[in-house]
Amino acid sequence: MLVLNKLCAGYGTFRALFDVSLEVKAGETVAVIGPNGAGKTTLLRAISRLIDPTAGEMIMEGKPLNAVPAHELVARGIAHVPENRRLFPKLTVEENLRMGAFVPQGRAHFDERLARVYQLFPRMKERRRQPAGTLSGGEQQMCAIGRALMSGPKLLLLDEPSAGLAPVIVQSIFETVRRMSAEGYTVLVVEQNIRQVLKVASRGYLLETGRIRATGTAGELLDTDEIKKAYLGI
């Protein structure tokens, strides 16, 4: 579904990604793990066309993405849940979800997708008339994921979904990711919580200082000495 080939990107004269190549196949959940400052958020911002790659290519379903304007990405089937959620705080939960269905194909299936989001996140139905800015951190993350799902994405990008959340809420969020994966959603998730994300991902890539340092199945990555020592404290 998504192929990146020797992707380079950054901000001004600062280069954050160096020749990153990876692949996400339809129906799988792929994790990009690594420490703060590794370039994980930059990677998703490049895929979403929020920044311009400086080299390399991005291909989605056989078609190049490099020159696609950011505002056309949702119609192409890519939905991005950014770090810190980025909800509309003064709009209600349901109004935020409606914003996710703004594209024509989203509006055509609004009722069906809203029902699905409420099934995934029953608390969102309870809070549907509540301003999003008054939700807890975990509830805001649920709302942000739900808003992305309202567009009916072919590929869902999740940026640090566990950031700033209590452990019990983190488990709930990743359980939802596992359920989405089981239902056939295609997910690319970047995350520092390596133990949790590799429980739900089928494959992963280790990104450090802007470069892919290791790749493999979730089990293979958890079993590498480098990850055990540097990230799991083993």
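Annotations
- Of all DSSP beta bridges confined to the range 108-234, the antiparallel ones make up roughly 60%.
- Among LEU87, VAL190, PRO167 - extreme Cα towards positive end, dipole of the chain, charges at beta-carbon: LEU87
- Segment ARG213-ALA163, length gained on full extension (0.36 nm per residue, minus Cα span): 15.7 nm
- In degrees, nearest ten, helix 110-120 long axis to first principal axis of the chain (Cα): 70
- Spatially, the range 192-234 and the range 1-37 are offset by 15 Å when compared through their Cα centroids.
- Calculated from backbone phi, Karplus (6.51, -1.76, 1.60) coupling profile of the range 57-70 in Hz, x at Gly/Pro: 9, 10, 10, 10, 6, x, 10, x, 9, 3, 9, 6, x, 4
- Cα gyration tensor, the range 96-234 - rounded (a/c under 1.5), prolate or oblate: prolate
- Among GLN141, GLN105, GLN192, the residue with the largest mean-square fluctuation in a Gaussian network model of the chain, with springs joining Cα atoms closer than 10 Å, is GLN105.
- Hypothetical label at ASP225: residues of the range 177-215 whose amide nitrogen lies under 19 Å (7 Å Cα-Cβ projection): 206, 213-215
- Choice from ARG147, ARG213, ARG85 with maximal GNM fluctuation in the chain (Cα, 10 Å cutoff): ARG213
- Only Lys, Arg (+1) and Asp, Glu (-1) charged, at Cβ; the range 40-139 dipole about Cα centre in debye: 320
- Pairs of Cα atoms nearer than 8 Å and 6+ residues apart set the relative contact order; for the chain it is 28 percent.
- Beta bridges by DSSP in the chain, antiparallel share as percent, to the nearest 5: 55
Values in this text are rule-based calculations from the coordinates and carry no lab data. The structure displayed is predicted, hence computed values, not measured ones. Positions of Cβ are backbone-derived with ideal geometry, glycine not excepted, and every protein chain shown enters the neighbour counts.
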